[in-house]
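Read through the structure below, which is laid out as structure tokens, and then see the notes.
The values are calculated or read from the model by the stated rules, or taken from the named source; none is laboratory data. Everything numeric here is computed off the predicted structure, so don't read it as measured data. Here the Cβ positions follow ideal geometry from the backbone for every residue, glycine too, while neighbour counts run over all protein chains shown.
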């Protein structure tokens, strides 16, 4: 059976740039357009040449190989001819394969924003499309505010779309510019447009996420007949964002209701690179990926619940809407308060700790974890502390050192020159295999001082922890007030690149930090003896 | 015209707790259930009594006034009678108004996960519903994997729903547990269920966001006839999250396609508190609100300078899908430095501070704020600190007291009985209008000790700060490592119920806390003199 082709149009570099806080340099745009081109998107819209120096520079060369490289711009101004419009001239000169014109299709905006007549606007659409074609470029028209315009004046909105189509636009794109249209309205209006004679194979959809339905609106338009979708990587864009092309690529490829009828230009073998594409883009934006993103988020295939986790392991397929590896993602089963016994057994097994289901120590471990999580510990984010706790409860763990005492002092006073000075100092006294050691250190803050003092002299183990580095430190106050319970999470890493997390909880932030710091050191010593970190090393 | 009632069922405290990284304490659950109850949700599902100590403790009392308080749990186990099932007994004893049972409705899971026969599962559903009703509680049944189950074996999935309905369940909830079902499938299957005789007024929908369509799936089910929606605040939940009730409340209330046909139990006047509800919940989770969230995000009505911004100012209505104030949000046009200046003037004016546009001190204030925000201060979350900074920069502010020095010590050692003991002690030395005062205090942690010492003796101002209470304390680490920059936000309140936020930033958490604590006290003294807090008092 032949499947119909859905064309994917990426506007990350143009509409995506409207995201608050996002500003692409020419270098960013070059990197992103290469990623998009390589992945197999049909159209890469690069910006608005002539509107700002970055976009003009970006369009000084063609930036894609396979994908059509698209310049965005306004239709010619009313009252002057196409050949005399400097904005249009800049667009025609840009090194693009296609031009996507934005055209008003709501009569209200024609009057208020453009200040011209309805007929003049139609003429601008017609002549702009013709000018693009005459210069050898494909023409497309984004009908701005199409759905709101259609509700206000259906005849005029349709006239705009029809004018673009009849002038020879390859694509007439129906835009939900304000983002408030609902899927059922999108479906009905697209069907009406097609009924007036513009074929779905010439229609595109441009949706925004203002009611959390940009993806649903795009798919509703496809079901109604549209064959082009405009969207952005990870759904960035003005206000609440544009339709998320990462999600749409996965659904069109993996959901049978679509994949049995449609195909995209993306090679099916590329799909397993989807998670990487999404994360590489976030990396470029210097932001943490959204853990809960559909398909590609770190949590998209993570299970916490005990009731699900045990069955999940029997047959993952029936608990996952698609296999995570198809999009380059992973299954993740987490330890938590809510976990059942089999969850625990598996979590331990993956760490090389074998325990029988009827071992009373297992019940003890589960009750300790539940009790501690009730007081604020969060072992799902602190694998190494969980592993140490399991070793302590189930079997033996060497006692590398004991802590006699520690003391941390923070003092703010005036120095000899009358300047305010804050000093943080920590003293740690340990017993390392019978040897008494004590260290003092100053740090940038009390936790830093404590960390430095603790790792300054670990007696005979000192050489072993030389490559231990604290990579991250997180603090969470678990309830209100300065007398609140504090949870500290510490991420550590060492010479071979392994990373592990430890946790401490106390009403005293220094004490909580100390717990997490000592757990990290003990884990490192265990790891050096191949007694820990099996999973991490896998 | 009478509108049909849509019932909103919040499962933030149960399914929302499946979110990786989210673990509610009993205190969290009490705070959140109060927020949900006050806002007007119909059902508040609090957790799974008997499954863990937190949920058991939470269900020791009824926690809602208007909303029905719902306990979640499994149907009785096959092979034993309802009266002999300890899990069911724990559910019946919980102080809830209703029980929501989760029941398998995919025959595959009945066999593999439950290990019983299809008929035994139906019997468990029937007897569990009957047991709940016999104990005077409303019964509901979440038909787990309903849509996948329906695709695999429609007759059996329907039999599960029918059994629940015929046993007297108030709601039979069709769950898209794996989250992969598409809106068109949801619509078709819900219509089929209703055609078999279960009325839509007894049907609910439970959707997940694995294809970014939890909201669309919920609305598709409502269009097909379901009259209950299950979801969570801000869409938290397992994997990619549950249907976002914040978005759904706004769309059901403000989108004419729904509001002309349906109404919810939420008082329309409450709607303008929606943004606050969403942000208060994020505060409680100690995470930054999603700027791009539909309706309530800081960017949801923000326009970046460009082709839209100037037209937007002519007539905002045609550029906004709903008026931002209806949901308690604001329009934001991000413009040039010049615009930044008038923003500042307005922000100051609302605090009763009048400054001329050409006053060089205004430029100084703007540059100080920009510089400080670049180093980690966040004045948008710390109104009181912003106001004090403005007063200090623009005009005069009384010098109530100066800090000579402070010292904080945390010590952990063994006490006389060999038990580990951690002591936090703070010493503060102040000059209050020429009078030298010094105080020492012990606290639960270093910040608590410092707070107590600082407020122990403020000389002649001591009586004035008697009603000052620290309501909340937040810490955010702004970059990795234990030597990282720390931002502390403190919320204070006093006898007349005013609340204000102050901020401190330092590489030393104690120092950052001290800045925020002293700002809070100075703000209180200013407020007592009617020199601050105009806006807060309005």
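Every residue, every condition in (1) part of a loop (DSSP other than H, G, I, E, B); (2) facing chain A (nearest Cβ under 7 Å), yes or no:
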{"position": "B:210", "(1), (2)": "yes, yes"}
{"position": "B:215", "(1), (2)": "no, yes"}
{"position": "B:230", "(1), (2)": "no, no"}
{"position": "B:271", "(1), (2)": "no, no"}
(message) Looking at the structure I just gave you, is residue A:517 out of contact with any strand residue (DSSP E or B) (no Cβ under 9 Å at 6 or more places or on another chain), modelled with pLDDT of 90 or more, assigned to a helix (DSSP H, G or I) and buried (at least 18 other Cβ atoms within 10 Å of the Cβ)?
(response) no
(request) Please state which of the following conditions residue B:36 fails to meet, knowing it meets all the rest: (1) crowded, with 24+ Cβ neighbours inside 10 Å; (2) touching a residue at least 40 places away in the same chain (Cβ under 8 Å); (3) outside any helix (DSSP H, G or I); (4) more than 14 Å from every other protein chain (Cβ to nearest Cβ). (result) (3)
(message) Which count do you get for residues in segment A:285-315 that are modelled with pLDDT under 90, facing another protein chain (nearest Cβ under 8 Å), out of contact with any strand residue (DSSP E or B) (no Cβ under 9 Å at 6 or more places or on another chain) and closer than 20 Å to residue A:213 by Cα?
(response) 0
(request) Could you tell me which of the residues A:22, A:102, A:44 is more than 24 Å from the chain's Cα centre (by Cα) and either touching a residue at least 40 places away in the same chain (Cβ under 8 Å) or surrounded by 20 or more Cβ atoms within 10 Å (Cβ to Cβ) (or both)? (result) A:102
(message) Can you tell me which of (1) closer than 19 Å to residue A:168 by Cα; (2) within 12 Å of chain B (Cβ to nearest Cβ) is the one residue A:119 doesn't meet?
(response) (2)
(request) From (1) modelled with pLDDT of 95 or more; (2) more than 19 Å from the chain's Cα centre (by Cα), pick out the condition that doesn't hold for residue A:251. (result) (2)
(message) Need the failing condition index for residue B:488 against (1) more than 27 Å from the chain's Cα centre (by Cα); (2) at pLDDT 85 or above; (3) closer than 30 Å to residue A:469 by Cα, just the number.
(response) (1)
(message) Exactly one condition in (1) part of a loop (DSSP other than H, G, I, E, B); (2) more than 8 Å from chain B (Cβ to nearest Cβ) is false for residue A:204; which is it?
(response) (1)
(request) Looking only at segment A:319-330, decide whether some residue is more than 11 Å from chain B (Cβ to nearest Cβ) and modelled with pLDDT under 85. (result) yes
(request) Could you check residue B:464 against (1) farther than 26 Å from residue B:27 by Cβ; (2) touching a strand residue (DSSP E or B) at 6+ places or on another chain (Cβ under 8 Å) and say which number it fails? (result) (2)
(message) If I go through segment A:161-187 residue by residue, how many of them are within 32 Å of the chain's Cα centre (by Cα) and part of a helix (DSSP H, G or I)?
(response) 5
(message) Between A:278, A:272, which is more than 19 Å from residue A:176 (Cβ to Cβ), crowded, with 18+ Cβ neighbours inside 10 Å and touching a residue at least 24 places away in the same chain (Cβ under 8 Å)?
(response) A:278
(message) Just the residues that are under 12 Å from residue A:295 (Cα atoms), assigned to a helix (DSSP H, G or I) and at the interface with chain B (Cβ under 10 Å from one of its Cβ atoms), please, taken from segment A:237-265.
(response) A:246, A:247, A:248, A:250, A:251, A:254
